[in-house]
Amino acid sequence: MDATLSQLLESIGLTPTGNLQSLGGGDIAAVYRLETCQGQVVIKHDDAARLRGEAEGLRTLRSACEQLVVPEVLGLSEGWLVIESLDAVPGGAKSEAALGEGLRGLHSVIGDAHGWHQNNACGRTPQPNAPLNDGRAFQRERRLLPLCEACYQRGLLDGELRGRIERLAQDLERWLPDAPPSLLHGDLWSGNVLFTTKGPAIIDPAVYRHYPEVDVAMLTLFGSPGKAFFDAYWNSYAPADWPRREALFQLYPLLNHLLLFGGGYRSAVERSVARLDPFT
């Protein structure tokens, strides 16, 4: 076992009873399960700055959200993060309703500005979070335009599609009302939601403050939450322009996937832009 990890485990009072066991799903960080005398834990090995950002995000969500389970950060050292292990169980309508209620509670935590006090990462993509008071400006300047330019520079977008995205970004003030900045998970695709013996859980955050529909749009992009989730989350007050907001807030993660994984996501970006174009 790595010496740094051994020292970290000793410092937090954990005594291993076996070797690290690799877990699936670690596309960014290496993820392991470890049995100890004190119980099972999950361990991540990755870039130190990314792990510091994840640890801060987990602690923030855990302190802000009483209705959702967030794994406890047990220890952090250079390149290693040790967190609580959660016991997953099958979900259902009751679990999805609890997820909706919990997420609504999380999004009710409001900050002073859109963004975060430091940058972090969404996957391996640096995520700029310098705060802005206006949510439209934040979505344009910190999300859409930087990723659009990065994809263009790598030849993943042509000039025509780049121009369409830039026009959509410049047009936000015309239709999107500003809104109070809600606390977000920030990368809430279905793989970062677990149903556990303690209730619905959220993992692997990229925390910042922005429009609450950001998290919901991510859930619908890479998953299909059921009616029970939406009934609980919207609580009869779904925004009339939800389809438009959904298309907008799915564009950023799709551009991120285009940047990370290549041209296979270009058609999905085009479809998202096409969904927005009729509104402009």
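Each value in this text was obtained by applying a stated rule to the coordinates, not by laboratory testing. Just so you know, these numbers come straight off a predicted model, no measurement behind them. Neighbour counts are summed over all protein chains in view; Cβ atoms, including those assigned to glycine, are modelled from backbone coordinates with ideal geometry.
Taking the alpha-carbon centroid of each part, what is the distance from segment 94-153 to segment 216-270 in angstrom?
If you average the Cα positions of each part, the centres end up 13 Å apart.
Restricting the calculation to Cα positions, tell me the Rg (one decimal) and the Dmax (whole number) of the chain in Å.
In Å, with Rg to one decimal and Dmax whole: 19.4, 60.
Give a quick list of trypsin sites (Lys or Arg not before Pro) in segment 138-172 that DSSP marks as loop, anything other than H, G, I, E or B, with at most 13 other Cβ atoms within 10 Å. Mind dumping the intermediate values first?
Working: sites: Arg140, Arg142, Arg143, Arg154, Arg162, Arg164, Arg167; in loops: Arg154.
Within segment 138-172, the qualifying trypsin sites (Lys or Arg not before Pro) (loop, at most 13 other Cβ atoms within 10 Å) are Arg154.
Taking the Cα centre of the chain as origin, work out the dipole magnitude from +1 charges on Lys and Arg Cβ and -1 charges on Asp and Glu Cβ, in debye rounded to 20.
Dipole of the chain, to the nearest 20 debye: 500 debye.
Cα-Cα pairs above 24 Å in segment 147-280: how many percent?
On the way: 2991 of 8911 pairs.
Of the Cα pairs, 34 percent sit more than 24 Å apart.
Over the Cα atoms of segment 57-205, what Rg and Dmax result, in angstrom?
Taking only Cα atoms of segment 57-205, I get Rg and Dmax of 17.8, 50 Å.
In angstroms, what radius of gyration and Dmax does segment 40-110 have, counting Cα atoms only?
Spelled out, the Cα radius of gyration and Dmax of segment 40-110 are 13.9, 41 Å.
What is the helix-to-structure angle for 266-276, meaning the angle in degrees between its Cα long axis and the longest Cα principal axis of the chain, kept from 0 to 90 and rounded to the nearest 10?
Helix 266-276 and the main axis of the chain meet at about 50 degrees.
How far, in degrees from 0 to 90, does helix 48-64 lean away from the longest principal axis of the Cα atoms of the chain, to the nearest 10?
Taking the Cα atoms of the chain, the angle to 48-64 is about 90 degrees.
Report Rg/Rh for segment 216-255, rounded to two decimals, where Rg is the Cα radius of gyration and Rh the Kirkwood radius. Let's see the in-between values first.
Numbers: Rg = 10.5 Å, Rh = 10.8 Å.
Rg divided by Rh gives 0.98.
Grab every C-alpha pair in segment 1-132, bin the distances at 5 angstrom width from 0 up to the longest one, and report whole percents.
2, 9, 16, 19, 18, 16, 11, 6, 2, 0
Compute the Rg to Rh ratio over segment 1-65 from the alpha carbon atoms, using the Kirkwood formula for Rh, and round to two decimal places.
Reported Rg/Rh, Kirkwood definition of Rh: 0.98.
Using helices alone, I'd like the mean residue ellipticity at 222 nm for the chain: each DSSP H run of four-plus residues gives -39500 (n - 2.57), total over residue count, nearest 500.
My calculation for the chain gives -12500 deg cm²/dmol from helical runs alone.
Could you list the chymotrypsin sites (Phe, Trp or Tyr not before Pro) in segment 178-267 that lie in coil according to DSSP, counting only those with at most 11 other Cβ atoms within 10 Å of their Cβ?
Here the chymotrypsin sites (Phe, Trp or Tyr not before Pro) that fit, given the DSSP loop and packing criteria, are Tyr237.
What would the Debye formula give as log10 I(q)/I(0) at q = 0.15, 0.21, 0.23, 0.27 Å⁻¹ for the alpha-carbon point model of segment 181-234, no solvent?
The Debye formula, applied to the Cα set alone, gives -0.41, -0.81, -0.97, -1.23.
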